[in-house]
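Undergrad: Mind having a look at this structure? Questions to follow.
The values are calculated or read from the model by the stated rules, or taken from the named source; none is laboratory data. If you're wondering where the values come from, they're calculated on a predicted model, not measured in any experiment. Neighbour counts run over all protein chains shown; Cβ positions are idealised from the backbone, glycine included.
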Amino acid sequence: MKSNGKTDRPSILARVLQIGYREKGAAFVFVIPFMIGFLIFNIIPMVYSVVISLMDYNSFKPMNMIKFIGFDNYTRLFHDPIALNAFGKSFLYALFYVPGLIILSFLLAILLNRTFALRGITRTFILMPYVANVVAVSIVWSILLDPFGGPVNQIIAKFGIEPPLWLSGVKTALPTIAGINIWQSLAFQTIVFLAAIQGVNKDLYEAADIDGASRWKRLWSITLPVISPTTFFLVITSIISSFQNYASVRMLTNGGPGTSSRVISLNIYEEAFTLNHYSYASAQAMILFAIVLVITIIQWKGQKRWVHY
């Protein structure tokens with residue numbers, strides 16, 4: 001018996017809608033655990049930090065003495081030379097860390113993209129620092145860079161060169177920490193760059209070879225523009241991670257010598273958990289969040305000039 005097309009069409013539409021609702025329901029079930037975790041471990045602590053940054057709260061005061069003080073913690077920060085110096089050290093650290101990490105990881109990815117003996121093992125070895133524990137890495141580098149009898153300075157001294165103080169020098173501590181963190185973080189950026197480089201269309205290189213383009217010209221006119229979205233992503237993540245360098249600084253120098261390597265993440269931790277100035281530490285954390293957010297927005301707006309999708 002022939003079915004009427006007019007009566008079948010609504011039933012088909014109902015079935016399609018029913019399938020769509022089921023798929024949305026299944027997707028929602030998978031998303032709920034993440035949403036709950038993000039709410040508990042990210043949104044609520046952030047809101048709580050904003051609230052206590054507007055109060056006078058530390059663990060030595062009873063709850064009935066905690067009072068709302070508005071933006072006093074924020075204005076206090078701009079009159080605190082130690083906090084301002086810590087912000088400055090963080091920016092200086094980022095100037096060492098981000099360009100060094102991006103440039104070295106890109107060059108390493110270019111080298112690893114070539115064919116050579118033991119390439120697979122070499123790629124595996126590059127991952128080892130990335131998965132190593134930061135405490136173990138800090139202890140090993142502290143021994144290697146010991147200015148008084150460390151292996152590195154002994155080798156340098158044999159060439160008749162006066163070895164630097166590395167982690168014990170006022171001018172060398174921060175760049176040395178940045179170099180160690182670049183070495184440890186190099187694997188992730190290198191792998192991402194390598195994947196992006198291998199994804200470049202080979203026809204573009206063949207066309208460039210036909211036109212007689214040099215290796216440098218191919219790198220500048222083909223590779224860099226094509227992988228610019230990947231570069232943009234890595235620059236953003238590197239800047240964010242450069243302000244989250246508490247563990248390595250704490251283990252290597254603890255902010256010393258003096259305050260030469262006292263970055264803002266270490267300053268926030270000590271204000272909160274050593275001096276019990278939770279409100280003041282939260283205010284510093286909010287200022288740091290605002291600075292990173294502004295830098296990210298500026299980069300996001302400026303990507304149109306050099307990022308090619």
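Conditions (1) of a type in the set (A, V, I, L, M, F, W, C); (2) within 30 Å of Thr231 (Cα to Cα), marked per residue:
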{"residue": "Tyr48", "(1), (2)": "no, no"}
{"residue": "Lys67", "(1), (2)": "no, no"}
{"residue": "Leu77", "(1), (2)": "yes, no"}
{"residue": "Leu84", "(1), (2)": "yes, no"}
{"residue": "Lys89", "(1), (2)": "no, yes"}
{"residue": "Ser105", "(1), (2)": "no, yes"}
{"residue": "Gly120", "(1), (2)": "no, yes"}
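Undergrad: Take Lys171 and decide whether it is of a type in the set (Lys, Arg), in a helix (DSSP H, G or I) and over 26 Å from Arg123 (Cβ atoms).
TA: It is false that Lys171 is of a type in the set (Lys, Arg), in a helix (DSSP H, G or I) and over 26 Å from Arg123 (Cβ atoms).
Undergrad: A follow-up question, please. Just the residues that are within 20 Å of His308 (Cβ to Cβ) and assigned to a helix (DSSP H, G or I), please, taken from the stretch 190-205.
TA: Here is the first cut: in the stretch 190-205, the residues within 20 Å of His308 (Cβ to Cβ) are 192-205.
Correct list: Val192, Phe193, Leu194, Ala195, Ala196, Ile197, Gln198, Lys202, Asp203, Leu204, Tyr205.
Undergrad: Turning to a different aspect of this structure: Could you list, in sequence order, all residues of the stretch 254-286 that are surrounded by fewer than 24 Cβ atoms within 10 Å (Cβ to Cβ), touching a Leu at 6+ places or on another chain (Cβ under 9 Å) and within 17 Å of Thr172 (Cβ to Cβ)?
TA: Asn254, Gly255, Gly256, Pro257, Ser260
Undergrad: Another one. Is there a residue in the stretch 136-150 that is modelled with pLDDT of 90 or more and on the phi > 0 side of the Ramachandran plot?
TA: No; the residues of the stretch 136-150 include none that is modelled with pLDDT of 90 or more and on the phi > 0 side of the Ramachandran plot.
Undergrad: While we're on this one: Starting from residues that are under 12 Å from the mean Cα position of the chain (by Cα) and buried (at least 19 other Cβ atoms within 10 Å of the Cβ), keep the ones in the stretch 236-248 and report whichever is modelled with the lowest pLDDT.
TA: So the residue we want is Asn245.
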